[in-house]
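What follows draws every value from the coordinates through simple rules; no lab data is involved. Predicted model, so just to flag it, every value in this text is computed and none were measured. Neighbour counts run over all protein chains shown; Cβ positions are idealised from the backbone, glycine included.
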Amino acid sequence: MKKTMNIILAAITFCIITSNTMAIGIESIDKVSVMMPRSTVFNILGNPDEIGKLGFGLTADIYGLKGPDPLVGTGCIYDENQILAGQVFVFSGTIAKETAGQIKMAGFTALEEKDNSFRFAGKDDDTGQPLVVVVKESEGLTIVMTFEKSFYERRIKD
């Protein structure tokens with residue numbers, strides 16, 4: 001299922017890089033958690049810049065961000081029931097190792113560390129929901145993907 005993750009990563013990264021940006025704040029993004037219905041996410045973040053079909057019954061809402069922060073965009077991945085199964089955060093720069101260090105400090109357990117690619121398991125600090133976090137570098141960007149654990153194990157895991 002690595003193919004699924006690569007398709008998701010490529011589609012969302014492309015959309016974020018090429019989308020028009022709107023002003024949503026990090027405070028709003030922090031209120032969003034996996035397992036939320038799409039309507040709740042819309043109430044928090046507003047309408048996305050783009051909506052995409054990822055295949056495999058998945059859809060994604062893409063939000064570009066304005067501002068000086070290295071976070072340039074975020075995406076929300078929904079399952080076939082329109083429940084948030086994962087989030088993607090795209091940062092400018094190659095900061096995977098630093099990001100992985102911060103994730104470890106937040107109490108996540110490293111499952112895989114290879115070059116500038118990392119995978120962690122842990123729990124959402126707000127909801128306690130089990131998560132898998134994947135951090136990768138690609139084309140001068142750092143991509144952090146968080147998935148609800150059972151979704152990841154069913155749909156994305158190797």
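What to note about this one:
- Packing, taken as the mean count of other beta carbons within 10 Å per residue, orders the peptides 127-134, 107-114, 81-88 from highest to lowest as 81-88, 127-134, 107-114.
- Potential lengthening between GLU139 and ASP30 on full extension [0.36 nm per residue; Cα-Cα distance subtracted]: 36.7 nm
- Taking amide hydrogens as placed 1.01 Å from N in the peptide plane, the amide H of LEU111 sits under 5 Å from those of ARG119, PHE120, ALA121, each at least 5 positions away in sequence or on another chain.
- What the phi angles of the range 34-49 give under the Karplus curve with 6.51, -1.76 and 1.60, with θ = phi - 60°, is a coupling list of 4, 6, 7, x, 4, 4, 5, 4, 4, 5, 7, 9, x, 6, x, 5 Hz, glycine and proline written as x.
- Computed Rg/Rh of the range 84-158, alpha carbon atoms with Kirkwood Rh: 0.95
- Filter on LYS53/LYS149; LYS104/LYS149; LYS53/LYS114 - keep pairs with C-alpha separation over 27 Å: LYS53/LYS114
- Long-range amide H partners of VAL72 with built H, under 5 Å: VAL90, PHE91, SER92
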